[in-house]
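Engineer: Take a look at the following structure, please.
What follows is calculated from the coordinates using simple rules that are stated; it is not laboratory data. Nothing here was measured: the structure is a model prediction, and the numbers come from that model. All Cβ positions, glycine included, derive from the backbone under ideal geometry; neighbour counts span all protein chains shown.
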Amino acid sequence: MMKIAVVDGQGGGIGRVITEQIRKALSPEIEIIALGTNAIATSLMLRAGANEGASGENAIVQNVGDVDVIVGPLGIILAHSMRGELTPGMAEAVAKSKARKILLPLTLAQVEVVGVELEPLPHLVEKLVARLKEMTEVK
C-alpha cells in the first residue's frame, strides 16, 4: 500500500489540513507519516490522523527516501524557508528523494511561481487529495 510523507513546519497548520483531508478521502490502508520540522507540527499531524510521526532534520532526512509520495508546501524544497526551520539538509533530502512530490504553491517571501493561480489553502488541498486519489486508483 502507498506510503505518504506529509512534511510541514512552524505551527503545522498546513500539514494538519493535508493529513485530515488525506485520511478522510483515501483508503484507511494508506500509511501517512508526519514529518515535522518541529514537535508541534508533528503533533498536529498525528492528531489529524497520521500513522506515525517524527520531528527534526534527521527524521526528515532518514524518512523521505522510504515513501512513495511526499506532500507539503513548496517551501519543503527550499533551504531556509519556513522562517528558517527548513534546513539545507532537509530541502536536499526531499528534493533528492525518488518519491513523487506533490507540493502546494503557497506564497513564500521572495519566491514567485509564474503561471500558478493563487488559491486558498482548502482549494489547493482538494486538488492535492484528488491527485493522490488518481495515483492510488492507477496501482
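Engineer: Report the label-to-label distance for residue 110 and residue 92 in nanometres (one decimal), using points 7 Å from each Cα along the Cα→Cβ vector.
Structural biologist: 2.0
Engineer: Same structure, new question: Obtain the nm distance between the two label points defined at residue 38 and residue 130 by a simple spin-label model: each point lies 7 Å from its Cα along the Cα-to-C-beta direction.
Structural biologist: If labels sit at residue 38 and residue 130, their model points lie 3.4 nm apart.
Engineer: Kindly write out, for segment 18-31 in residue order, the coupling ³J(HN,Hα) from the Karplus curve 6.51 cos²θ - 1.76 cosθ + 1.60 (θ = phi - 60°), rounded to whole Hz, with x marking Gly and Pro.
Structural biologist: Result, ordered by residue: 4, 4, 4, 5, 5, 4, 5, 8, 10, 3, x, 6, 5, 8 Hz.
Engineer: Neighbouring Cβ atoms within 10 Å as the yardstick, rank 82, 1 fewest first.
Structural biologist: Going from sparsest to densest Cβ surroundings: 1, 82.
Engineer: In the chain, what % of DSSP beta bridges are antiparallel (nearest 5)?
Structural biologist: The antiparallel fraction comes to roughly 5 percent.
Engineer: Going highest first, how would you order 117-126, 89-98 by mean Cβ packing within 10 Å?
Structural biologist: Final packing ranking: 89-98, 117-126.
Engineer: If you wrap a convex hull around the alpha carbons of the chain, what volume per residue comes out, as a whole number of Å³? Mind showing how you got there, number by number?
Structural biologist: Values: hull volume 13.8 nm³, N = 139.
Each residue corresponds to 100 Å³ of Cα convex hull volume.
Engineer: Could you please state, rounded to a whole Å, how far the C-alpha centre of segment 55-93 is from the C-alpha centre of segment 8-50?
Structural biologist: About 14 Å separates the Cα centre of segment 55-93 from the one of segment 8-50.
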